[in-house]
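What follows is calculated from the coordinates using simple rules that are stated; it is not laboratory data. Being a predicted model, the structure only gives us computed values, none of them experimental. Glycine also receives a Cβ, built like all others from the backbone with ideal geometry; neighbour counts cover every protein chain displayed.
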């Protein structure tokens, strides 16, 4: 039995883990949903230019493009709030899957080289295609993230029966290093692209065109379906390959479904909000402390917790340097460092 100060990452029995009726963490998720709604509403009021609640309501129900406050609420803050929700859900869910797949409580979605792939694609687009508008940068980021993720899964054996967590981690580290070196070389060789790339690379919640938000939402749904479909098998394999096979899990199908879900989820989030570190990792650790192990329970809890953290980071970034703004990714990193210091001092991380 783990001590009271340990992080219990042991999965529940596979059948119990996917018993949504009995294993659904209802109270915790309900509280998190309420917080998401509250912070989504606050995001319409708070910013470098505060907007009164009555003006926000009037903008939502009787939009007037000639009113500056109406434009701020409907065309800037509303899609910005949607981006925070989609990206937060995707990063939290991806964090839960990657920790279960690798059996590593300190793994995070960027482990599969997805952030590095997105960054390399964005810089390459800026240098060779002059693709400096947000829409093209997002599409390049999606393509780069998914291409890098698929390469890592291929090297790590996720498409075959010889999948192995250590091999996957090493493949992710190697691909990330190569792509990181390529990105640095391109940026250093073309200083004119640094400004455009810096804004994306910092990671933040910005208003995006609604078609791109809907594209991210579609990717979120697809990735979530893959994750839920793989939950039972991944939980079984977390007990060991032989035990997993004895429980009827297919190594190839589990790793393929779980790996593709991470690529789709993290690719969409990174494209919309840039590379945001710590979020998927911290949300999954917090979710495990709240509802215990089992991927089916972790998925909704980590996803919702991640949204709340990203929303709070965005709101803090709007007001801390008013009238300027601090990127939500920077705020997440600043909040994440003390979190891990406290975690290291008070807890013992174990997979036992």
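Structure values in brief
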| read-out | value |
| --- | --- |
| Along principal axes, Cα extents of the range 296-335, largest first, whole Å | 42, 14, 10 |
| Ranked list, fewest to most other Cβ atoms within 10 Å of each Cβ, for 133, 64, 314 | 133, 64, 314 |
| Neighbour-count order for 77, 253, fewest beta carbons within 10 angstrom listed first | 253, 77 |
| For the range 161-237 and the range 60-77, distance of Cα centres in Å | 33 Å |
| Calculated log₁₀ intensity ratio I(q)/I(0) where the Debye formula runs over C-alpha points of the range 109-225, q = 0.14, 0.16, 0.17, 0.21 Å⁻¹ | -0.63, -0.80, -0.88, -1.16 |
